[in-house]
Structure formats: C-alpha cells, structure tokens
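To start, the structure itself, in structure tokens.
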Amino acid sequence: MSTPRDQEILITGASGFVATHIVKSFLEHGYRVRGTVRSEQSAANVRDIFSQYSDRLSFAIVKDIAQPGAFEEAVKGIDGIIHTASPFQFVVEDQEKDLLQPAIRGTLEILRAAQARSRITRVVITSSFAAMANLHQGLWPEHTYTEADWNPETYENARAADGVSAYCASKAFAEKAAWDFMEKEKPHFSLATICPPMIYGPVEQCVQDMSKLNTSAADIYQLMNGSMTEVPVMGFPAWADVRDVADAHLRAFQINEAMNERFFITSGNYNYQQVCEILRANFPQIKDKVPHSQIGQIQPAVYKVSNQKAQAVLGMRFRSLESSIKDTAESLLKLEKKVEK
Ligand code: NDP
C-alpha cells in the first residue's frame with residue numbers, strides 16, 4: 001500500500017491564503033507537495049515559509065491557469081491534485097475576463113491535465129459557498145443551506161453584475177463545469193469539491209503590504225485598522241476557519257466515501273458585531289479602532305447553514321468564532337509590524 005511519502009500532490013495557487021494552509025497540512029501529513037505559482041519570486045516566498053520541508057516541496061510555474069495546456073508540465077508524475085487557484089477579488093475591470101473565464105477555464109484545464117495522467121486518483125477542488133448561495137434571496141431566514149443548493153445566476157447576468165455577484169457566479173460556473181466534465185468524460189479519477197463561506201484564521205502566506213491582503217483577511221482587518229466608523233452591513237453571514245478548510249481538503253483527498261461528493265465546510269453563522277466584540281475583548285491596544293454598531297441596531301434574521309455532511313462523511317469538527325478571530329487578529333497585528341519595518 002502506498003504511504004503519503006510515496007505520493008506527490010499538486011496544489012495549485014500555492015502562494016494564496018487558503019493554499020498555504022493546505023500545503024502545510026499535506027506536508028505535515030508526510031506527502032510530497034508540488035505547488036503551482038505564477039513566478040520564481042512567488043516560489044521563493046512559499047519555500048521560505050516551509051523551509052523545514054525543503055526535501056518534500058517543489059514548484060511548477062503556471063503563469064495563467066486559463067491558458068490551454070497550462071498544467072501539462074505541472075501534472076507529470078503527480079498522484080493527486082488540490083485545485084485552489086482562482087481569482088478571489090470583488091473589484092475587477094472586466095467581470096468576464098478577470099473572474100468568470102479564469103475560474104471556469106482554470107478548472108477545466110486542471111481536469112484535462114489530470115485526465116492525461118493515469119497515476120492521478122483524486123482531484124479536490126476549492127469551490128465556495130458562493131457556488132451555493134442564491135443572492136436574489138438575500139438573507140433568506142427561512143432557508144437552511146446544504147450541499148443541495150446551487151447559485152442560480154445566469155452567465156449573461158453575471159457578465160454585467162457587480163463584482164461580488166460576478167465572483168460568486170464564477171465559482172458556481174467553475175464547479176458546475178467540473179461536475180459536467182466528470183459526467184461527460186468519466187475519467188479514471190474521482191472528484192470532491194469543498195464549499196466554504198468566508199474563511200478566516202491566521203494569515204501565513206507572504207504579504208508585502210497590508211493593502212494587498214487576501215480578500216477575506218482584509219474583511220477582518222478593516223474592523224481593526226480604524227477604517228470603519230460603524231459596523232458594516234453583513235453580506236455573507238457564515239464562516240469557516242482556514243485550518244478547518246485545509247483539513248477538509250486533506251480528508252476529502254484521503255477518505256473513500258468522499259469520492260464524487262460536494263462538501264459544505266462551515267462552522268456556522270456569525271455577524272460583524274460578534275467579531276468586533278471579540279476584537280475589543282481580546283486586543284485592548286486596538287479597541288478604539290474597532291467600530292461600534294449604531295444605537296438600537298438589531299441584527300437581521302439570516303439563513304441557517306448545515307455542516308452535517310462534513311461531520312458525518314469527513315469526520316470534521318469545527319473551530320469556534322472566538323478562537324478563529326483571535327488567531328486571525330494576532331496574525332494580522334504581527335504582519336502589520338513586519339511590513340512596517
Ligand atoms: P488568494 O487570493 O489568497 O489566492 C488565490 C490564488 O490563486 C493565488 O495563489 C493566485 O496567485 C492564484 N490565481 C488567481 N488567478 C490566477 C490565474 N489566472 N493564474 C494563476 N494563478 C491564479 O485567495 P484565497 O486563498 O482566499 O482563495 C483560494 C481559493 O479559495 C479560491 O478558489 C477562492 O475562490 C476559494 N475560497 C476562498 C474563500 C475565502 O474566504 N478566502 C471562501 C471560499 C472559497 P497570485 O497570488 O500570484 O495572484
């Protein structure tokens with residue numbers, strides 16, 4: 001039987017917030033990891049983070065996941081794939097060119113590359129709650145989201161939509177394209193998709209400038225750096241910790257029952273008011289920068305979220321909001337000091 005050390009796993013977008021934790025998780029569990037990054041500099045940055053694993057970590061440069069044949073070289077000799085690379089930004093110039101097309105094409109490119117390599121047994125794709133959420137229903141208090149839900153946005157609407165809606169649609173179209181590929185092509189490997197909502201937790205990737213934080217870390221940082229005078233309105237009231245998300249990818253790769261399944265990975269609901277209270281209680285040094293709610297402001301009722309399948313099939317247990325936000329804030333304060341130097 002092959003052990004983790006016998007297997008080399010390709011992790012795409014290895015320089016990203018989520019991928020850094022996935023790389024860590026696979027290395028800690030003994031696998032060899034090949035990360036795809038866009039440049040040699042990016043490879044050097046990731047190599048620095050994981051210097052103690054230099055004998056089991058290598059890189060392939062993939063400048064643009066959407067180019068035909070993008071992963072042809074990167075998949076050579078690989079046993080499994082975790083595909084995380086996808087644009088996650090809400091402000092772009094062109095929704096189709098910058099969000100929809102790279103997400104969809106990148107997903108199809110990785111699956112086509114896997115199809116040509118008989119050693120590959122499973123592909124795990126980082127999808128998102130964005131691929132599940134029906135934005136037209138708003139906070140939909142009477143609904144409980146599960147793996148059965150799909151974002152119903154049309155491609156035509158998404159092309160002309162705001163950045164948030166177009167990003168959500170990009171994830172839905174990419175994940176749908178993956179399941180369609182599996183149905184039509186019936187490849188030799190199995191697929192699992194991981195759908196987390198807002199992901200918080202320690203920022204461990206290389207960040208040169210606080211204005212270039214990944215989107216979900218920036219979501220917490222805006223509540224810490226004095227840029228918000230009031231608690232903002234909640235967009236997506238469900239969350240997961242990045243370490244749980246990384247663990248879910250590992251389990252979805254290892255567990256037989258995860259074969260050809262979709263998983264909603266979430267700790268549960270939350271709101272920014274709770275985040276602000278956790279920040280004030282644990283970090284007195286920034287308490288004057290953390291925004292307050294307007295007097296008498298009531299939290300609206302919101303949809304519920306179910307992580308039952310992730311618990312039952314993957315054996316997942318989830319972190320608390322308090323511990324996740326504390327660790328997020330600690331890492332951001334440390335990072336702030338480092339980049340100021
Ligand atoms: P990051 O922006 O930190 O990471 C995105 C990664 O994808 C980066 O490595 C980036 O490379 C790479 N990438 C993006 N576009 C391209 C492209 N065209 N060609 C090559 N590489 C590309 O975001 P996250 O870590 O937060 O997101 C990772 C995944 O998790 C995404 O699929 C996202 O949709 C999903 N997700 C994230 C959530 C969150 O709250 N963070 C929630 C749910 C899902 P580079 O660094 O060089 O730009």
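The values are calculated or read from the model by the stated rules, or taken from the named source; none is laboratory data. Everything numeric in this text was worked out from a predicted model, so none of it was measured. Methodologically, a virtual Cβ is constructed for each residue, glycine included, from the backbone with ideal geometry; neighbour enumeration extends over all protein chains shown. Calculation scope for accessible area: heavy atoms of the full protein, side chains included, ligands and nucleic acids excluded. Shrake-Rupley method; radii C 1.70, N 1.55, O 1.52, S 1.80 Å.
Structure above, values below:
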{"read-out": "Point-to-point label distance, His29-Glu72, nm (Cα→Cβ direction, 7 Å offset)", "value": "3.2 nm"}
{"read-out": "Under 5 Å, built H, 5+ apart or other chain: amide partners of Lys304", "value": "His143, Thr144, Tyr145"}
{"read-out": "Per-residue HN-Hα couplings for the range 6-16 [Karplus 6.51, -1.76, 1.60; θ = phi - 60°; Hz; x = Gly/Pro]", "value": "7, 10, 10, 10, 8, 10, 7, x, 4, 7, x"}
{"read-out": "Residues with amide H under 5 Å from that of Ser267, placed H, sequence gap 5 or more", "value": "Trp239, Ala240, Asp241"}
{"read-out": "Approximate spin-label separation Lys63-Ser323, in nm, with each point projected 7 Å along Cα-to-Cβ", "value": "4.4 nm"}
{"read-out": "Computed log₁₀ I(q)/I(0) - Debye formula, equal Cα scatterers, no solvent, the range 16-103, q 0.12, 0.18, 0.20, 0.25 Å⁻¹", "value": "-0.40, -0.85, -1.02, -1.39"}
{"read-out": "Members of Lys97/Lys171; Lys63/Lys186; Lys63/Lys341; Lys212/Lys287; Lys287/Lys337; Lys289/Lys334 lying beyond 20 Å, as alpha-carbon distances in this model show", "value": "Lys63/Lys186; Lys63/Lys341; Lys212/Lys287"}
{"read-out": "Relative contact order for the chain, counting Cα pairs under 8 Å that sit 6 or more residues apart, in percent", "value": "18 percent"}
{"read-out": "Kirkwood Rh, angstrom, the chain [1 / mean 1/r, Cα pairs]", "value": "20.5 Å"}
{"read-out": "Relative contact order (percent, whole number), the range 2-71, Cα cutoff 8 Å, 6+ residue spacing", "value": "30 percent"}
{"read-out": "R0 of 41 Å, Cβ-Cβ distance Glu257-Trp140: FRET efficiency to nearest 0.05", "value": "0.85"}
{"read-out": "Two-site label geometry, Lys304 and Asp288: point separation in nm, points 7 Å out along Cα→Cβ", "value": "4.4 nm"}
{"read-out": "Estimated [θ] at 222 nm from DSSP helical runs (n ≥ 4, -39500 (n - 2.57)) normalised by residues in the chain, nearest 500", "value": "-11500 deg cm²/dmol"}
{"read-out": "Aspartates and glutamates with Cα under 15 Å of Lys176, excluding same-chain neighbours fewer than 8 positions away", "value": "Glu109, Glu147, Asp149, Glu153, Glu185, Glu261"}
{"read-out": "Cα lying deepest toward the dipole's positive end in the chain, options Ile286, Gly35, Tyr155, charges on Cβ", "value": "Gly35"}
{"read-out": "Rounded accessible area of Asp288 (nearest 10 Å², 1.4 Å probe)", "value": "140 Å²"}
{"read-out": "Paramagnetic reach from Glu340 in the range 192-214 [backbone N under 18 Å; point 7 Å along Cα→Cβ]", "value": "207-213"}
